[in-house]
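The values are calculated or read from the model by the stated rules, or taken from the named source; none is laboratory data. Please read these numbers as outputs of a predicted model, since none were measured by experiment. Every residue, glycine among them, receives a Cβ derived from its backbone with ideal geometry; neighbour counts consider all protein chains shown. Accessible surface is based on the protein model in full, side chains and every heavy atom, while ligands, DNA and RNA are left aside. Shrake-Rupley method; radii C 1.70, N 1.55, O 1.52, S 1.80 Å.
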Amino acid sequence: MRSMKTRKLGEVCDGARVRQRGKGRGDRWGGGAKTGWGCVRDSVSPSVPSPHTLLVPGLVSDHVGVSGAGESADGGCGPWGVEGGIASSLGQPRPLPASWTQMGNTLGLAPMGALPRRSPRREEPLPNPGSFDELHRLCKDVFPGQMEGVKLVVNKVLSSHFQVAHTVHMSALGLPGYHLHAAYAGDWQLSPTEVFPTVVGDLDSSGSLNAQVLLLLAERLRAKAVFQTQQSKFLTWQFDGEYRGDDYTATLTLGNPDLIGESVIVVAHFLQSLTHRLVLGGELVYHRRPGEEGAILTLAGKYSAVHWVATLNVGSGGAHASYYHRANEQVQVGVEFEANTRLQDTTFSFGYHLTLAQANMVFRGWVDSNWCVGAVLEKKVPPLPVTLALGAFLNHWRNRFHCGFSITVG
């Protein structure tokens, strides 16, 4: 029986001699450069291959057990091919039946090059956390600014780099005053809110000056100088240096440095982005003057979600926490908590911001734990470049009330 089956398996298509599996393993490719594997007929069903049938991945015919896969690229017989017109006579290549693969036929698997490869996972770089002074900015922008008396502001844009503003303020709490505000913006714009170099100055009718100079020394290095005078006396002179890396920010500030009087205030800030949402850092404040020296360390953290931001500062000087939430395009709310260990004072505040785009109106409200409430309503008057603002603030505990009205042109 074995000889008859061997003879049956030895039937050759196109006159090419086929070596049986299990014979001549040393001469795997058919015994010569011009000898290929042929087409072997068997009575066994193609879905269940016979153990004596040559399993050659590539071509499977409906009426034969295995067929050749064609000629190799170099003109000889490749590992899966035969020489001659066998492949062309059998038609186009067809994949192996699924049952062969399910039975664990390793030769029936697709080549490694045909398998899909997983692309390496590319994580987005962490963002820069920004400046330390801007940790609570979103929450603070929700609260209304203090208003008292009557104020007229006229803005004038002289060029694409230079702008001036004239302000006349009349108040029942103090003398009327006039302020001249001038700003110069350079050509280097890193973002819609950052232009370098920038020079800003504010001079009032009494001769007091507040000035700031912002410079971009390098691609990542920024410098700022702040000067404040009261008539002819210097009150504050401050120098900042800030370095912004890919995912961190380091800042060093010198306040009122006096080498002769041996007094100085040094403030160091550092923020690091741990994830795309979590930022951790700290602040170290060192002050020195004759007969007094001390330092205060504060730790800071910020977590940013899709619609809300939570920030916390904790140190030996106290704690400052804020929560900002954007409900939708019209409503924003903010909650702020401040505790000062030196003054033994704790304040809790709640503010909200309402935008009515169709009416060109913005409403800000505020209430805190000291029984103070306040609100400011801003109204634009298109097509005129005029903005009207009306504000009122009431302190129930001290029984104080003041209101303000302002007109901004330009």
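Against the definition (free of Cβ contacts under 8 Å to residues at least 12 places away in the same chain, farther than 16 Å from V367 by Cα and part of a strand (DSSP E or B)), how does A310 come out, yes or no?
Answer is no for this residue.
Of the numbered conditions (1) assigned to a strand (DSSP E or B); (2) closer than 30 Å to S304 by Cα, E219 fails exactly one; give the number of that condition.
Going through (1) assigned to a strand (DSSP E or B); (2) closer than 30 Å to S304 by Cα one by one, E219 breaks only (1).
For the range 134-160, what are the residues that are crowded, with 18+ Cβ neighbours inside 10 Å, out of contact with any Ser or Thr (no Cβ under 7 Å at 6 or more places or on another chain) and outside any loop (DSSP other than H, G, I, E, B)?
Once the filter is applied, which keeps residues that are crowded, with 18+ Cβ neighbours inside 10 Å, out of contact with any Ser or Thr (no Cβ under 7 Å at 6 or more places or on another chain) and outside any loop (DSSP other than H, G, I, E, B), the range 134-160 yields only L138.
Is it fair to say Y248 is open to solvent by 80 Å² or more (accessible area, probe 1.4 Å), hydroxyl-bearing (S, T, Y) and out of contact with any Gly (no Cβ under 6 Å at 6 or more places or on another chain)?
No.
Taking the criterion of being without any contact (Cβ under 8 Å) to a residue 12 or more places away in the chain, in a strand (DSSP E or B) and either within 18 Å of R137 (Cα to Cα) or open to solvent by less than 80 Å² (accessible area, probe 1.4 Å) (or both), would at least one residue in the range 273-291 satisfy it?
No, because not a single residue in the range 273-291 is without any contact (Cβ under 8 Å) to a residue 12 or more places away in the chain, in a strand (DSSP E or B) and either within 18 Å of R137 (Cα to Cα) or open to solvent by less than 80 Å² (accessible area, probe 1.4 Å) (or both).
Would you confirm whether any residue within the range 188-205 is in a loop (DSSP other than H, G, I, E, B) and in contact (Cβ under 8 Å) with a residue 24 or more places away in the chain?
Checking the range 188-205: at least one residue is in a loop (DSSP other than H, G, I, E, B) and in contact (Cβ under 8 Å) with a residue 24 or more places away in the chain.
Out of the residues in the range 319-360 that are of a type in the set (S, T, N, Q) and open to solvent by 80 Å² or more (accessible area, probe 1.4 Å), state the one that is modelled with the highest pLDDT.
Q330
Is it true that some residue in the range 326-339 is within 22 Å of K140 (Cβ to Cβ), in a strand (DSSP E or B) and more than 29 Å from the chain's Cα centre (by Cα)?
Scanning the range 326-339 turns up at least one residue that is within 22 Å of K140 (Cβ to Cβ), in a strand (DSSP E or B) and more than 29 Å from the chain's Cα centre (by Cα).
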